[in-house]
Amino acid sequence: MSRLEPDNVCNICECDFDMESEGGVQGYIGIIPFSLCPMCYSGLMDMYEQLSGGTGEYEDGQEIPGDDEE
Ligand SMILES: [Zn+2]
């Protein structure tokens, strides 16, 4: 219970991954180690973009710019 080093198991989906060959990220949140496989990492990045307003081209996509030009 006192493992304070990130291992190669994703903290979200619990799959094994190899950061050197597959990518992903390992680090610490405060003192808590975390590991994310490439899939969950890119998923989190997508979520972050949505939460932070990111590109804004999808959420507010109801009106299409230039719609009244023919
Ligand atoms: Zn994962």
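The values are calculated or read from the model by the stated rules, or taken from the named source; none is laboratory data. It should be emphasised that the depicted structure is a prediction, and the values quoted were computed from it without experimental measurement. Please note: Cβ atoms are built from the backbone with ideal geometry, for glycine as well, and neighbour counts cover all protein chains shown.
Brief remarks on what is shown
- Comparison of E5, E22 shows that the only residue that is among the acidic types (D, E), out of contact with any His (no Cβ under 9 Å at 6 or more places or on another chain) and within 13 Å of the ligand (Cβ to nearest atom) is E22.
- Options C37, C13; residue that is at pLDDT 95 or above, exposed (fewer than 13 other Cβ atoms within 10 Å of the Cβ) and in contact with a helix residue (DSSP H, G or I) (Cβ under 8 Å, 6 or more places away or on another chain): C13
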